[in-house]
Structure formats: structure tokens, C-alpha cells
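Accompanying notes for the structure given below.
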């Protein structure tokens, strides 16, 4: 990979920085969510779990987590929807060599979307059918989301940042 040759004030560099900022928040909050899921799975007290969620809410304006994880799932859906609708077509136009990469990123988005839907459905069960089995299923689903999402974020940043840095104006 080549070093950034674009001006640090170039729109592409700002886009890379924003992408990494959003992804950083996703990573940080996902770590906290996994810790909370572990507490849920091991039968942690409701008060402890709620305190962790409140702590997460106060640190992250994007997540505003509630017990059921729905807002996080919705945020990731919206973030990926925006990339699919605006960023990826612009990448295809500006660098056709990225078409296979963009196809992989879109496939990642579909896979992660399915996993997020599973997490949301399982989190919904905690409100009414809070059983050890449901807790375990939620933890496993969160682990799977974590694995795929973190891999996706790293791949996306690494593969598209060089092209974004070359942009001298917003292509969308």
C-alpha cells in the first residue's frame, strides 16, 4: 500500500478519517456489548447489566443502547445502507479496479445485516422470555456479529482508504 500523497485537507482524507472514527466507535461499543453479553450469559444481576448499559449510553452518542441492542443494530444497518447507496457507487466510478472489493463489501453487508437481525430478535426475547438458553443464544449471536463486523471494518478501511485519499472533491 502506498503512503497518503493527498493533502491532509483533501475531502478524501477527511472521509477516511470519518470512516475510521465511526468504525472506532463501533469497535469500542461492540467490546462493551460483548462484556455485557458475557455478564448476561453468566447470570449477572439485572442491576449490574443495566449499569453497564447506562455507562455505554453516556459514552456513545451513536449507540444509545437499551437492553435489547436494537439501536446499535439499526445504526449499523443505516451506516451500511449509506455506504451501499452512496459510497460504493462512487468507488466503482472512481476506481473500477475496486469493483471486486466493493462486491465483497456488499456481500459482507448482507451477511452482517442477517446477523444483526438475529441479534435484535434474540435481544427482544430478553424482555419477556429471559431464559438461560436465550441468553446463551444472544451471546453466541453477538460473538458471530463481532467476528464478522470487526473483520469487515478492517478490510474496508484497508482496501478503500487509498482511493478515498485520492479524491479531491466529494463524488456524491
Within the group 70, 62, 48, which residue is surrounded by 14 or more Cβ atoms within 10 Å (Cβ to Cβ), more than 22 Å from residue 157 (Cα to Cα) and at pLDDT below 80? 70
Scanning for something at pLDDT 90 or above and over 26 Å from residue 38 (Cα atoms), does the range 132-148 turn up at least one residue? no
Within 13 Å of the chain's Cα centre (by Cα), over 25 Å from residue 163 (Cα atoms), at pLDDT 70 or above and surrounded by 14 or more Cβ atoms within 10 Å (Cβ to Cβ): does that describe residue 33? yes
Among the listed residues 135, 93, which satisfies the condition of being more than 19 Å from residue 154 (Cα to Cα), touching a residue at least 24 places away in the same chain (Cβ under 8 Å) and surrounded by fewer than 16 Cβ atoms within 10 Å (Cβ to Cβ)? 93
Checking the conditions here, which among 146, 159, 113 is surrounded by 14 or more Cβ atoms within 10 Å (Cβ to Cβ) and under 17 Å from residue 81 (Cβ atoms)? 113
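The values are calculated or read from the model by the stated rules, or taken from the named source; none is laboratory data. Computed from a prediction, not measured in an experiment: that's the story for all the values here. Ideal geometry is used to build each Cβ from the backbone, glycine not excepted, and the neighbour counts take in all protein chains shown.
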